[in-house]
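The structure appears below as C-alpha cells.
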Amino acid sequence: MPARSRLLGLAGAGLLALSAAGCFQPMYAETTPGEGSALQRSFNDIEVVFVAGRVGDEVRNDLIFALTGGAGNPAGAPYRLNLDVRSTTAEASVVSPLTGLPEVEIVSVDVKWQLFETGNTKTPLRIGQASGKASLDSGYQRFARNRAIRDAENRSATVVAETIKSQLASYFLTAGSRPTGPGATAPVTTAPKS
C-alpha cells in the first residue's frame, strides 16, 4: 500500500506541475512579434537623471546601458529615475605585520533611487536602494592605490546598476497593465532595507 500512495503522490505532483506550466512566461518574452518584450519597452521609457560626481556618472552610464542595451538615455521619456549616489572606502581588518598598514580595502557604492512619472515629481512610483562592494589590495604607491580605488568603484557601480535594473524589472512586472497616466494613482512601494 505505501508504494501505491507514493505513486499516486508522484502522479499528483506531475499533474500539478503540468497544470502550472502554462502560467510562466519569461521576463523578456515578446508579447507581440517584432516589438520586443513589454519589460524592455518599459526600460526604454526611463530617463536616468544626471548625477554629480565621477562615481555617480559611472553608475548612471552603467544603468543607462543596462536598461537600453546601448541605445542611449531617452529624452522626454514617461518615467524619470533620480539617483542619490554615495561612495566610501574602508580599511579591512587585514593589516601587514611588517608595516602596520592595511593590506585590503573595501569600496562601497550605495545608491538610493526614486522612479517618478515625468509630469509628477512629488510622488514617486517606486523607491529603492542598492549597494555594491569591491575589494582592492592596498599598495604603497599612491597613484597605483588611487587607480585601484577607481577600478573598485567602477566594479561596484556595475553591480549597483544591475541591481537597480532587477528592482525596476520587479516593479514593472508586478505593476502589469495598471494605468500610469497623469490622472492615475499609483501606490508607493518601498524596497526592503539591506
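Structural remarks
- Pick from the stretch 15-48, criterion in a helix (DSSP H, G or I) and modelled with pLDDT under 75, ranking: farthest from residue 120 (Cα to Cα): 15
- Subset of the stretch 131-147 that is of a type in the set (D, E, K, R) and at pLDDT below 90 - its residue that is nearest to residue 104 (Cα to Cα): 137
- Among the candidates 133, 112, the residue that is under 17 Å from the mean Cα position of the chain (by Cα), farther than 18 Å from residue 168 by Cα and touching a residue at least 12 places away in the same chain (Cβ under 8 Å) is uniquely 133.
- Hits in the stretch 49-88 (condition: more than 24 Å from residue 147 (Cβ to Cβ), β-branched (Val, Ile, Thr) and either at pLDDT below 95 or surrounded by fewer than 15 Cβ atoms within 10 Å (Cβ to Cβ) (or both)): 49, 68
- Conditions (1) part of a loop (DSSP other than H, G, I, E, B); (2) modelled with pLDDT of 90 or more; (3) surrounded by 15 or more Cβ atoms within 10 Å (Cβ to Cβ); number of the one not met by residue 159: (1)
- Single match in 112, 122, 165 (criterion: of a type in the set (D, E, K, R), open to solvent by 50 Å² or more (accessible area, probe 1.4 Å) and either touching a Gly at 6+ places or on another chain (Cβ under 7 Å) or within 24 Å of residue 54 (Cα to Cα) (or both)): 112
- Residue check, residue 131 within 19 Å of residue 167 (Cα to Cα), surrounded by fewer than 16 Cβ atoms within 10 Å (Cβ to Cβ) and in contact with a Ser or Thr (Cβ under 8 Å, 6 or more places away or on another chain): yes
The values are calculated or read from the model by the stated rules, or taken from the named source; none is laboratory data. Because the structure is predicted, anything quoted here is derived from the model rather than measured. Counting neighbours? That spans all protein chains shown, and the Cβs are built from the backbone with ideal geometry, glycine included. Keep in mind that these areas ignore ligands, DNA and RNA; they rest on the heavy atoms of the full protein, side chains included. Shrake-Rupley method; radii C 1.70, N 1.55, O 1.52, S 1.80 Å.
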